[in-house]
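Since the structure comes first, as structure tokens, the remarks are kept for the end.
The values are calculated or read from the model by the stated rules, or taken from the named source; none is laboratory data. It should be emphasised that the depicted structure is a prediction, and the values quoted were computed from it without experimental measurement. Note that we place each Cβ from the backbone using ideal geometry, even for glycine, and neighbour counts take in every protein chain shown. Quick note on the areas: whole protein, heavy atoms, side chains included, nothing else; ligands and nucleic acids left out. Shrake-Rupley method; radii C 1.70, N 1.55, O 1.52, S 1.80 Å.
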Amino acid sequence: MYSQLEQRGMAEPPVNISTLLKMKNDGMPIACLTAYDASFAALVDQAGVDLVLVGDSLGMVIQGHDTTVPVTVEDVIYHTRVVARGLQHAFLVADMPFMSYSGEQQALENAVRLMQEGGAMMVKLEGGVGQISVVENLARHDIPVCAHVGLKPQSVHKIGGFRVQGRNSDKARQMVEDAVALEGAGADIVLIECVPNELGRAVTEAVNVPVIGIGAGPGVDGQILVLYDVLGFTQGRMPRFVRNFMPGSDSALAALESFVGAVRDRSYPAPEHCFS
Ligand code: KIV
């Protein structure tokens, strides 16, 4: 009865939440990427990525908006459903869009939709201690949660731009406390974006769940990047933490494999991708 989830006829069973926890405990870096469609999802999966996020970054890279704010639950369900069809191995996480989790009941209903209609195995939401009751309620209903701290792109208009977070010591302390409280509320993964290396490491040491970083330095349990940045599709000024893996690769698959290899052997992120 459990065979399709555990095997799916693969040499390696699909990644699940226990796999990710074991990777943290074994000190094996977790390689994560975003994806938005079935064809790229299949390539990302083939490259050996452990976790795929259908991020609300789709609002920027797919829909052409300047921020993630316009993305809707329907958008994320659609992209999660098509990504799910491309995956055999990776763990699938879907983003909860702006204002789709502003209360416990609303968050529960939308998380259920992302899982039942989209096929997500976990939902991700942005926030600190303000989201404790939402996370607790999701966890009480056995909905796996990734809590996103640090730079929260859905708050861009409130914080006045996409900038490094936690540089001042009070803010850094608060972020560590937030991560601990979110873990206590039932979060299964913490994602931390755009913070100094030292803070990425401090959050990772403070919690027992896997910590995935984007622009959070080498001291976290795993790295995530936006797929189109890794493939060099994104135009214009890039955040410091981005590395384009296409140069030196003769195909998209080779670039994705190179990303996975660089995460595993910790050559990514290098000092030039980090904040102090
Ligand atoms: O929406 C997204 O793609 C994300 C990643 C940048 C982590 O949240």
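Structure notes:
- Two-site FRET efficiency, GLU109 against VAL129, from Cβ-Cβ distance with R₀ of 22 Å, rounded to 0.05: 0.45
- Heavy atoms of SER258: accessible area, 1.4 Å probe, square angstrom to 10: 40 Å²
- Placing +1 on the Cβ of every Lys and Arg and -1 on the Cβ of every Asp and Glu, with nothing else charged, gives the range 150-276 a dipole about its Cα centre of roughly 480 debye.
- Added length on full extension, which subtracts the Cα-Cα distance from 0.36 nm per residue, HIS141 to ILE62: 25.3 nm
- Placed amide H near ILE192: partners under 5 Å, 5+ positions off or other chain: VAL149, ILE212, GLY213, ILE214
- Cα-based shape type of the chain, given that a ≥ b ≥ c are square roots of the gyration tensor eigenvalues and the cut on a/c is 1.5: rounded
- Reachable aspartates and glutamates, given that their alpha-carbon falls under 15 Å from the alpha-carbon of LYS171 and they are not under 8 places away in the same chain: GLU193, GLU198
- In the context of the full protein assembly, PHE275 retains an accessible surface of approximately 30 Å², using a probe radius of 1.4 Å and ignoring ligands and nucleic acids.
- Within the chain, the selection of entire DSSP H helices by a Cα span of 15 Å or greater along the long axis and an average Kyte-Doolittle value of at least 1.0 returns 252-264.
- Whole-Å distance, taken between Cα centres, linking the range 242-276 and the range 206-231: 12 Å
- Exposure of HIS65 as accessible area (Å², to 10), given a probe of 1.4 Å and all protein chains: 80 Å²
- Residue separation of HIS157 and PHE233 scaled by 0.36 nm, minus their Cα-Cα distance, works out to 24.8 nm of gained length.
- Distance between the modelled labels on ASP37 and TYR78, one decimal in nanometres: 1.3 nm (7 Å Cα→Cβ projection).
- In this structure, the amide hydrogen of MET122, modeled 1.01 Å from its nitrogen in the peptide plane, lies closer than 5 angstrom to those of ALA94, counting only residues at least 5 positions away or on a different chain.
- In straight-distance terms, cross-link reach from LYS22 covers every one of the lysines whose alpha-carbon lies under 22 Å from its own, apart from those fewer than eight places away in the same chain; here that gives LYS124.
- Computed [θ] at 222 nm, deg cm²/dmol, the chain (DSSP H ≥ 4; -39,500 (n - 2.57); rounded to nearest 500): -11500 deg cm²/dmol
- Charge dipole (debye, nearest 20) of the chain; +1 at Cβ of Lys and Arg, -1 at Cβ of Asp and Glu: 460 debye
- Whole-number percent relative contact order across the chain, with pairs defined as alpha carbons under 8 Å at least 6 apart: 17 percent
- Full extension of the chain segment joining ARG266 with ASP250 gains 3.5 nm, where the gain is 0.36 nm per residue of separation less the Cα-Cα distance.
- Net charge dipole size for the range 1-123 [Lys, Arg +1 and Asp, Glu -1 on Cβ; Debye, nearest 20]: 280 debye
- Top positive-direction residue, dipole computed over the chain with Cβ charges, set PHE40, MET23, ASN244: ASN244
- For ILE30, distant residues with modelled amide H under 5 Å away: GLY222, GLN223
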